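Just so it is clear, none of the values below were taken in a lab; they were calculated from the coordinates. For clarity, every value in this text was computed on a predicted model and none was experimentally measured. A quick note on method: Cβ atoms are made from the backbone with ideal geometry, for glycine too, and the neighbour counts reach across all protein chains shown.
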C-alpha cells in the first residue's frame, strides 16, 4: 500500500465548529474534514470519512456472512405498489420521500425494504426445502425526518445494513432471530462502544417481539431503563404492572368540591386535604386523575380526539404515546379543538358529572378515553368535575366511571419497579444502533409469500427484519471516542494506522520520516506522511484533530537516534530508537 | 473462503426469457438469477449479480486510485440550488427526477455531480498549491429515461463511477484528461471487451473536447464511424467539410416549373431532367434541397420552429439534430403547426419565392433556417417553390437565397469521406461505456470556484469530468461473452472461479466432489459446489446458464480415477486424474 501524503490528501481541518453542530461527533467529523453537509440531514463523505465508513461496512458484512446471510442489493427508488399492499405508503406519512416519474407513476425512496425482500423471495422460492434463508443488503436509505439533527446521527439520507430472515415457523424465526442477535453482539463489540440490548416497540414495522441495541450516550435521543436484576427496555417498551384491584365498599360517594385557585396538583391536593380528607391517609398527587386531551392525526388524514387519564403526579411521555398510537401522530389539543367540544371544561376535565359519564365513546362527548394501568377497579380519585373551579373526590374506578381501555404512556421514573420484579429502574440515554424484529407473517401475508410445506400444503412464511445504522455507527464511534482535541479512532476503524510527522524542515528529519513511513507501509500498515509545509504545532494539532491512533514524531531527538511514538487515545508519548520504531508501531497496531 | 453450496445459494434459473428482454445480456442476467426488475429501468441485484458488480467496481477503483484519484461519496438526494446555478435544474428537462421534502423544499436525484464536486473543492481549497486534484465516487445515479431498455444497459437507477479533475489551466486539464484516458484504456482492457475511442459531443454537460469509449456491439444504441486512417467519432460528432464554393456566373436564373405527381425525390429528379436539364450534367437527388421543419421544445417550455435545409438524398439524423440543438428537444412539425404558419406550403417548402426570401429570421415567415455544410456559395439547387405542385430549379446559394447559418445534422453514410481525409467512413454500432470531458470553466464559473494563482490573483479553476457506467459494464460484459447456452464470464469477473458437480447421487461421487471443492477453496479459489438433488442434466444446464468459467464434473470416470474439467467459454472437456485436477484448475484460473 502506498504512503498517503498529507499535502495531497483532500482534507482541510477547520478551526471553528460548524454553526449547526449539536453534538461532539458532528462537530469533529466536520472540523476534521470527514464529512460535509449537502442539505439538512444529508451529508457528503470526504476521503477520510469514506475510509472509516468502509471499515464499518466490512465488519458488518463479515458478521452477516458468518451467519450465512447472503448479500443482495435492492434499488433505493421504488414503485408505490408493494408499499400500498402493506399500507406503509400511507402509514409512513410525511416521513416518506415520494415522487412521480415522467409518466406520472408514483415512486418512493426506500426507508426499509421489507416489501421488496418479501416479493423477491416469493419470486424465487416455493418450497419449505428452500428455507431457512437470510438475505442482507448494505444500502442507502431515505427518511424525511421532521428534525434531522446531530449530523450523521439522525439523517435523511443514510446507510443501513438491513437483513431479513425467512422461516417456516416461529421456532425457525426464533433461531434466525437469535443468530442475528449474536451477530449484532459481535458487531457492537468490534465497533467498540458501550451498549445495552433493550426490549423495544416495533412501531411502523409491525410484528411482535423486538429488541434494540442502544449505544450508551448521555446526549442520546433515546431513553432506556434498566434494573439491578437485568431488566432493560427502551422507555417506549416499558410496561407498568397493574396493581391489584381495591375493595371500594367503604369508600364514600363522590363529592363535588369548590376548588378556586387550585392551579397546580400541589395546591389542589392541599385544598382537598383541608375540605375533604380521606379516612385512611392524606390525598397525594398520585391520587389525582389527570385527563389530558390529544388530537390523533392518522396517516390517511383523519383526525380523532383521545383523552388519556393518568395519576396527576406523572406526565404523559410523548414518545411512549406516539409508540402506542403509531402510525397516528398525537398532537396537543388546540383552543379551536376545545371550542369544537364544549362539553370539555379545560382544566376541569373528569370522566363523570352528576353520575353520568362525560368521557368515553359511549358518553355524550363520544371521545375515546383510555387510562393508565394504575387506574384499577376500586381506586378512588380526585379529578375534574367538568365545571370551572370544581373538582370531584372519591370518584371510584369501576363504580363511578369506566374507561374504554388501558394505555400505558405515563412517564417512567427512576425508582419505578421493573415489571419483572427485578428491582427499581434506573434511567439512561442512548442511541439506537441496531434493531431486531420478529416480524412474523405481516408482510408475507400482505404480499402472498407462501411456500409448500412438508405436507404439500401452502404455508405462509415467517419473517424477521434486522437493521444496523452504518453511517450512524461512524458517528457513534466518533462520539464515544473523541475528546476536546478532536477525533480519536479505535485502531480497527481508523482511516490510517499511523501518521508520521517530521517536526521541522530539516532534510534529515524529512528523510527519516519518509524512511519510517515507507517501512511501515511496506509492512502493510496504512500510513499518512505529514509532508506539508507547516509548523510542528499545526501538524501536531491537526494529527490530533484527525484522530489517527498513533503518531511517530521525528524531531530534535533524532540527533540521539530517538523518535517519539504518541498514542492519540491514551495521550502517551514514548521515546523510541529509530531502529526499534517500526517494530514498535507494528506491534501497537497489530496488538501484542 | 468457504465453499458455497448451490442448495443454499439464493438463485433460481428460469426456463423462459423475461417478456421485456430485448438483448441477450438482459435475457441471461434475468434467467440466470443475477438481477430482477423492480420497476421500468430499475433493477435489484441478487447474490451472483452483486458479486460481478463488486468485481467491476474494484477494477475501476484500482485504476482510479492508480492515477492518484481520491474516493469520496456524495449524496444521491440533492438540493436544487447548485443545479439552478448551472441551469441544469431546467435543462435536464423530464430526464431529472425531482421531488419535494416535507417542508416543500425542491430536491433532485443526482444524474451527475459536477455541481457538488465543484462546491466541495471551493469549500476546501483556495490556492494553486492545492492543485491538481482528482476526486471520484462510485455511486448510484438517477435519470428518468423516456425509454428505459435492455435491462441494465439503459436504466433509470444505475451505478456509475464519476470523477472530476481540477487544474489551474488548460495545460493541466490536458494532462489530467490524458491520465484519465489511459486509466480508462486499462479499465476497458481489464473488462475485456472490444471497444473504440471516438470523438463525441458534450451534450448537456457543457465543455469542449470529449471522447467516448464505446463497446462494439451490433445491437448497441450508439452509431459511430471509423476510417482506415484512424478517424473515429460517434455519429453525433462527425463533421462534414464544406466543399469549396462554386462559380455560379454561368448558372441560369431560377425557374419555377410545374411538377405534378412528383411525390418522391426520384420522380422529381426525372421530371426536372426532362423539362429543365442542366447544361453540365444531369440533376441528381444530391442537387435537390429538402427543407425539413421541426419544432424545438426548450427546457423552459418555450417552443420555436426550425427549418433544416439539406441535400434531398439524405435524411436528417435525429440523434445528430438532438445533439446540435441540445438542451432543446426537436419534435416533428404537426398539422396544427403548419396551420399556424400558412406561408409554409407542405411538400413544397423552399427558401425563396418570386425573388424574395421565405425562410429565415428576416423573412416573412420569421422561421430560423439552417442549412447543411454542403449548401455552399454558388451551388445551384432544385427545391420547393412554396406553391403546391411546383418546384424551382437553379436556385443558387448566396445569389438567390441565404440561410441563418449552418447545421451539420444530415445522416452520415458508409463511404462518406472522413473529415480529416483519412479515407471513407465505415459505420458500426456500440454502447457507451465511458465518457471523458474537458469541461473547462463552465461549472467553476457558474459556482465561483476560484483559487489564488502564483501571483496572488484569483483564477478560475479548469475542470474535467469522467464517467464509467459500472452496472452497464456488467451487462456489456455479459452481452459480449454470452452464448446460446447462457452467460460465460471471463475469469476476472466471474462470481465463482469454478463449480464442482457430482454427476450422480452415489456417495463416492458426492464425497469426491466435496473433497475437490474443499481443496480448491483452500487454495483461495471461489468455489460453488453443486449439491442439489437434481439430475446431472439439470446441473450441467444450470452451470452453463450461470456461466461459471470452469466446471469440474465428477462422474462415472471416477471408477478409473478420472474427472472432467469443462471450460465454459471454449466449450472444451478434458479428462483429468483426481490427483491432478486441483492443480489443473488452479492453473486454469490463475493463468499459465
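Observations
- When you restrict to C-alpha pairs under 8 Å that are six or more residues apart and normalise by the size of the range A:496-590, the relative contact order lands at 30 percent.
- Among beta bridges that DSSP assigns inside the range A:255-406, antiparallel share in %, nearest 5: 70 percent
- Between helix B:265-275 and chain B there is an angle of about 30 degrees, using the helix long axis and the longest principal axis of the Cα atoms.
- Grouping the Cα pair distances of chain A into 20 Å bins from zero gives a pair-distance distribution of 17, 39, 30, 11, 2 percent in increasing distance order.
- Spherically averaged projected area of the convex hull of Cα atoms, the range A:315-401: 6.3 nm².
- Its convex hull of Cα atoms gives the range A:243-318 a direction-averaged projected area, equal to a quarter of the hull surface, of 7.6 nm².
- Per residue, the protein assembly as shown reaches -7500 deg cm²/dmol at 222 nm when only DSSP H runs of four or more residues are counted, each adding -39500 (n - 2.57).
- Inter-site label distance for residue A:123 and residue A:338 at 7 Å from Cα along Cβ, in nm: 5.6 nm
- Label sites at residue B:194 and residue B:560, each approximated as a point 7 angstrom past Cα along Cα to Cβ, lie 4.0 nm apart.
- In this label model, residue A:572 and residue A:282 are separated by 5.9 nm, measuring between points 7 Å along each Cα→Cβ vector.
- Between 0 and 90°, nearest 10: helix B:170-191 axis offset from chain B longest Cα axis: 50 degrees
- Per-residue average of Cβ from other chains inside 10 Å of B:35-43: 5
- Computed FRET value (nearest 0.05) for residue A:273 with residue A:246, which takes r as the C-beta separation and R₀ as 35 Å: 0.95
- Inter-part distance, the range B:457-510 to the range A:242-273, computed on C-alpha centroids, equals 76 Å.
- For the residues of A:99-110, the average number of beta carbons from a partner chain within 10 Å of their own beta carbon is 4.
- The range B:333-469: relative contact order in percent, alpha carbon pairs under 8 Å with at least 6 residues between: 16 percent
- The C-alpha atoms of chain B define a longest principal axis, and helix B:581-590 lies at about 30 degrees to it.
- Remark on the range B:478-590: ratio of C-alpha radius of gyration to 2.2 N^0.38 Å is 0.98.
- Extension gain from residue B:80 to residue B:453, taking 0.36 nm per residue of separation minus the Cα-Cα distance: 131.2 nm
- Relative packing of peptides B:111-119, A:553-561, A:258-266 - highest average C-beta neighbours within 10 Å first: B:111-119, A:553-561, A:258-266
- Average beta-carbon neighbours from other chains, 10 Å sphere, peptide B:124-133: 2
- Rounded to 5, the percent of DSSP beta bridges in the protein assembly as shown classed as antiparallel: 80 percent
- Over chain A, relative contact order from alpha-carbon pairs under 8 Å, at least 6 apart, %: 18 percent
- Of all DSSP beta bridges in the range A:496-590, antiparallel share, percent nearest 5: 55 percent
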